[in-house]
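For reference, the structure discussed in these notes is given below.
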Amino acid sequence: MASIREGAMQADITELFDPTSRYAIGVDIGGTKINAGIVTYELFDPASNYAIGVDIGGTKINAGIVTYEGEILLSKSLETLAGQENTVHRVQGVIQRLLEGASKLWPDIRYRGIGIGSAGQVNWQEGSIRHASELIPGYSGAQLRSILEQQYGMTVWVDNDVNVIALAEMRLGVGLGKRQFICLALGTGVGGAVVADGRLLHGAWGGAGELGHMSVDFRGIPCICGARGCLEQYASGTSIARRMRERLAARGKPDEQVNARDVFALWQAGDPLAASVMDETIAALGTAITSLIHIFNPELIIIGGGVAESGPQLVDRLRQEVSRLAMPSFAEGVQIETARLGNWSGMIGAALQAWEYGKQ
Ligand SMILES: [Zn+2]
């Protein structure tokens, strides 16, 4: 029991609950954070091999040991502390703790490699960060693959965060069995991924699918990227909150606190101001999705991120918009669905790269 408790100390949380399985509770008490989690043992199969998936975001880094079926054996989360700490060091730290925890629980565990899904623009060929915004200062140019391969002696794959979510949805989620689909992740910003002929589209260096900066209005709202009318200016949670605050201020009711979730709640309750904000969001998304349907001829559009949780009417309205705007021959049969895999899909999809691109 002592060794179980020691090993479990490293765990944060595991995803899957199996009522027939045995669990142990692990508590990790640190100077700033206390993490408690549940670890299961029956998932481990010594004859199998596993991959490490790491999801690097502006606020959190999640790392986990993941099976081919997307089950999480053990996971560890760390705040990114962007701007305060070196992000690569934080990533190394979380992988180290994960490996130490796993080797105590399962000394004979074998890994296929480490898959990374990261915020920022990723050079897919090099496994490096081509550019990261001020969201993660000092992260641009980080040579993740070469640093981690050297340190751990494992193969490392690096892709952007939305591409790995699309990979998870393709292998385990709503994209199962689909070879042509598009993912839109509507969160703080808007990210995208394109799957064509069963493969993720990477482009010349890995930047393909930056759908948040597809313009839906050449006279539209100026965007941080320098262009105008980018989808992100209408469909991100940040922009939804900002446009609501602007409308409130114009009516002499400034509210600095209003966030996207408040707008969704007001929208559900029939508030006309929130409805006007969301009408604009739906119009922009409908325009963008229609263009994407004409360009890529997909069979499925997956809507993910926090904005996708605003309620079922978002997807219903998008279906109506697309059938109104797209050429009927193109719109026919295109499914628009919300993502299925939830918060851990970035970490799971990151790990799945080991099977997608690794040698059999
Ligand atoms: Zn832009």
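The values are calculated or read from the model by the stated rules, or taken from the named source; none is laboratory data. Since this is a predicted model, take the numbers as computed values, not measurements. Note: ideal-geometry Cβ built from the backbone for every residue, glycine included; neighbour counts use all protein chains shown.
Could you check segment 330-360 and list, in sequence order, the residues that are in a loop (DSSP other than H, G, I, E, B) and within 19 Å of G304 (Cβ to Cβ)?
Those that are in a loop (DSSP other than H, G, I, E, B) and within 19 Å of G304 (Cβ to Cβ): V334, A339, R340, L341.
Would you check which residues across segment 160-187 are in contact (Cβ under 8 Å) with a residue 40 or more places away in the chain and more than 11 Å from the chain's Cα centre (by Cα) and list them?
R171, L172, G173, V174, G175, K178, R179, Q180, F181, I182
Would you call G270 at pLDDT 95 or above, assigned to a loop (DSSP other than H, G, I, E, B) and either more than 14 Å from the ligand (Cβ to nearest atom) or in contact with a Ser or Thr (Cβ under 6 Å, 6 or more places away or on another chain) (or both)? Reasoning before the result, please.
Values: at pLDDT 95 or above: yes; assigned to a loop (DSSP other than H, G, I, E, B): yes; either more than 14 Å from the ligand (Cβ to nearest atom) or in contact with a Ser or Thr (Cβ under 6 Å, 6 or more places away or on another chain) (or both): yes.
Here the answer is yes, as G270 does meet what is asked.
In segment 188-200, what residues are over 15 Å from the mean Cα position of the chain (by Cα) and in a loop (DSSP other than H, G, I, E, B)?
The answer is D197, G198.
One residue is enough: does segment 200-207 have a residue meeting the conditions among the aliphatic types (A, V, I, L, M) and touching a residue at least 40 places away in the same chain (Cβ under 8 Å)?
Yes, the conditions are met somewhere in segment 200-207.
Which number in (1) of a type in the set (G, A, S); (2) within 12 Å of the ligand (Cβ to nearest atom); (3) surrounded by fewer than 23 Cβ atoms within 10 Å (Cβ to Cβ) marks the one condition that S236 misses?
The number of the failed condition is (3).
How many residues does segment 123-159 contain that are under 20 Å from the mean Cα position of the chain (by Cα) and of a type in the set (S, T, Y)?
4
Would you pick out the residues in segment 204-230 that are surrounded by 14 or more Cβ atoms within 10 Å (Cβ to Cβ), more than 8 Å from the ligand (Cβ to nearest atom) and either in a loop (DSSP other than H, G, I, E, B) or among the small types (G, A, S) (or both)?
Passing the criteria: W205, G206, G207, A208, G209, E210, M214, V216, D217, G220, I221, G229.
Looking only at segment 144-162, count every residue that is touching a helix residue (DSSP H, G or I) at 6+ places or on another chain (Cβ under 9 Å) and not in a strand (DSSP E or B) and tell me the total.
Total satisfying the criteria: 9.
Failed condition for Q320, given (1) buried (at least 16 other Cβ atoms within 10 Å of the Cβ); (2) part of a helix (DSSP H, G or I), with all others met?
Unmet condition: (1).
Residue under question is A63, and the condition is that it be surrounded by 18 or more Cβ atoms within 10 Å (Cβ to Cβ), part of a strand (DSSP E or B) and among the small types (G, A, S); does it hold?
Yes; evaluated as a whole, the condition is true for this residue.
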